[in-house]
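J.: What follows is a single structure, and I will ask about it in a moment.
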Protein chains: 2
Amino acid sequence: MESVLAQAAALLDEAGPQALTFRALAERLGGGAASIYWYVANKDELLDRTTDHVIGTVLADVEKLPDTDDPIDDLRAMALTLFDAIVARPWLAAYFMRNTDVQGNALRLYEKLGQQTLRLDLTARQRFHAVSAIVGVVVGTAIDLGRVLPEELLDSAADRDEYLGRFAQTWRELDPAEFPFVHEIVDEFDGHDDVDQFRAALDLTLTGLRRQAGS
Amino acid sequence: MESVLAQAAALLDEAGPQALTFRALAERLGGGAASIYWYVANKDELLDRTTDHVIGTVLADVEKLPDTDDPIDDLRAMALTLFDAIVARPWLAAYFMRNTDVQGNALRLYEKLGQQTLRLDLTARQRFHAVSAIVGVVVGTAIDLGRVLPEELLDSAADRDEYLGRFAQTWRELDPAEFPFVHEIVDEFDGHDDVDQFRAALDLTLTGLRRQAGS
DNA sequence: ACCTGAACACCGTTCAAGT
DNA sequence: ACCTGAACACCGTTCAAGT
């Protein structure tokens, strides 16, 4: 079981989601495709369990973070840890928290985030919404980023810059009268850093949360 | 072409993404599967163009919204319009803005959102990050919601409540000492409203943005 | 308890050929 | 310019059978 999930994760890391097939996975494990069905009921469960398997390492990293006296700073550090893991393995975004029945580590991570909100002066509803918002920012930004770059993610940073540059060029050719905003931000888009973009989105949410908690 | 996209959208609406196959679509159109390749190069392009086709109606709705004297209120109204469309058609979240080369209406919607930030006292980089954050909240929350409910979305609200209730029950059975946060919010989760959750997440981001703009 | 080979139904995509 | 039938390679999944 352990090695099924480890090899599935390795396949996803090396070649992306469309490379994870029962046949390819079976070949890595040195067996037949049908034997994998002894461990999982279907492909959805394989993806959920593989995702939760690597979320386990993220959870361990999050649990290593020290509690400071500012719960919002702690939430920021946790969210950044999760985001970093998703940047390293973009396929995570699509399956993370898809099914908390199967994804026990994802549920524990959700709990850890939520525990920080227990330290804030909020209603239960505000706490529920706050954690949903933070997870939403992480997943939403990660999916947004993953979709601009098709498979170049696996290649060098130079390839990424060149791809962004070509993309920016098509934006520069748009009519400035019709697309004033796109022209305003195209230089920011060109060569931008994913983590900067995420950190900015997260900080807007956390600023709102800090204000709500009245601190 | 027009009817290819309309029928593809109808299939997605009625039976979800896994029901959209070239063979099923061809049958609706009364022809062979291969003929669809005259209109699109492959399935990704079919999904992108179909998505952009319905985003066109969202764009029309957004353009009908009046500008008030508060750009942040206008951003809220636009984001809610987009979110409502995604709630009605959950499959949109997965493909929206995946490729702005093909998705011209999505690019125009991005531009419309961005134009509101031009009315705020922000740097170009802050504007870029603000719109990314808002799109991230919309897409992230929508994906988050879509993944809790597998296919019950197509059924009645009563089915949804019952599903949430069963889910909440498994949460209530967790150890309260180990999962204090989950217990704190389980009653909020049970029977919660998607739009409330989204509105709360959006408001956190917009509060942060308002503060950044110093107004 | 764990694995296999072979089959089934179903995909996206291609291509030579038609009008 | 637009469509077709038939094929190809490849899926997830099942199942009877093996150890």
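Here, each number is a calculation from the coordinates, and none is a lab measurement. Please read all numbers here as calculations on a predicted model, not as lab measurements. FYI the Cβ positions are ideal-geometry reconstructions off the backbone, even for glycines, and counts take in every protein chain you see.
J.: If a/c stays under 1.5 just call it rounded; otherwise compare a/b with b/c (prolate if a/b is bigger, oblate if not). Do that for the protein assembly as shown, with a ≥ b ≥ c from the square roots of the Cα gyration tensor eigenvalues. Working shown, then result.
T.: Numbers: a/c = 1.38, a/b = 1.02, b/c = 1.35.
Here the protein assembly as shown falls in the rounded category.
J.: Just counting partner chain Cβ atoms within 10 Å, what average do the residues of peptide A:92-101 show around their Cβ?
T.: Details: counts 0, 2, 3, 1, 3, 4, 6, 4, 6, 2.
Rounded to a whole number, the mean comes out at 3.
J.: While we're here: So what J values fall out for region B:196-210 if you push phi through Karplus, 6.51 cos²θ - 1.76 cosθ + 1.60 with θ = phi - 60°, rounded to Hz, Gly and Pro as x?
T.: For region B:196-210, the Karplus curve yields 4, 4, 5, 4, 5, 5, 5, 5, 4, 5, 5, 4, x, 5, 4 Hz.
J.: Let me ask something additional. How many Cβ atoms of partner chains, on average, are near each residue of A:112-118 if near means within 10 Å of its Cβ?
T.: Per residue, the number of nearby Cβ atoms from other chains is 3 on average.
J.: Using a label point 7 Å beyond Cα on the Cα-Cβ vector, give me the inter-copy distances for B:R166 in nanometres, one decimal, shortest first.
T.: Going from nearest to farthest copy, the values are 4.7 nm.
J.: Quick one: P(r) of chain A from all Cα-Cα pairs, 10 Å bins, percents rounded to integers, in order of increasing distance.
T.: 7, 28, 29, 22, 12, 2, 0
J.: Using the alpha-carbon centroid of each, what span in Å lies between region A:168-214 and region B:11-68?
T.: If we compute the Cα centre of each part, the gap is 28 Å.
J.: Select from A:L174, B:A24, B:A93 the residue farthest towards the positive end of the dipole of the protein assembly as shown; place +1 on Cβ of Lys and Arg, -1 on Cβ of Asp and Glu, and compute about the Cα centre.
T.: B:A24
J.: Let me ask something else. For B:K64, list the lysines whose Cα falls under 17 Å from its own Cα; do not include residues on the same chain fewer than 8 positions away.
T.: B:K112
J.: Residues of B:173-186, mean number of Cβ from any other protein chain within 10 Å of their own Cβ, rounded to a whole number?
T.: Shielding by partners across B:173-186 averages 4.
J.: Mind running the shape call on region A:21-106? Use the C-alpha gyration tensor, a ≥ b ≥ c as the square roots of the eigenvalues: rounded below 1.5 for a/c, prolate if a/b tops b/c, oblate otherwise. Present the calculation step by step, with values, prior to reporting the outcome.
T.: Values: a/c = 3.09, a/b = 2.67, b/c = 1.16.
Here region A:21-106 falls in the prolate category.
J.: Between the label point of B:G16 and that of the same position in each other copy, find the distances and list them shortest first in nm, with every label point placed 7 Å from Cα along the Cα-to-C-beta direction.
T.: For B:G16, the other copies' label points sit at 2.4 nm, shortest first.
J.: How big is the dipole moment of region B:40-213 about its Cα centre under a simple scheme where the beta carbon of each Lys and Arg is +1, that of each Asp and Glu is -1, and everything else is neutral? Debye, nearest 20, please. Intermediate values should be presented prior to the final figure.
T.: Working: 18 positive and 33 negative charges, 193 e Å.
For this selection, approximately 920 debye.
J.: Could you derive backbone 3J(HN,Hα) for region B:111-122 from the dihedral phi with the Karplus parameters 6.51, -1.76 and 1.60 (θ = phi - 60°), listing whole Hz in sequence and x where the residue is Gly or Pro?
T.: 4, 4, 4, x, 4, 5, 6, 5, 8, 9, 7, 9
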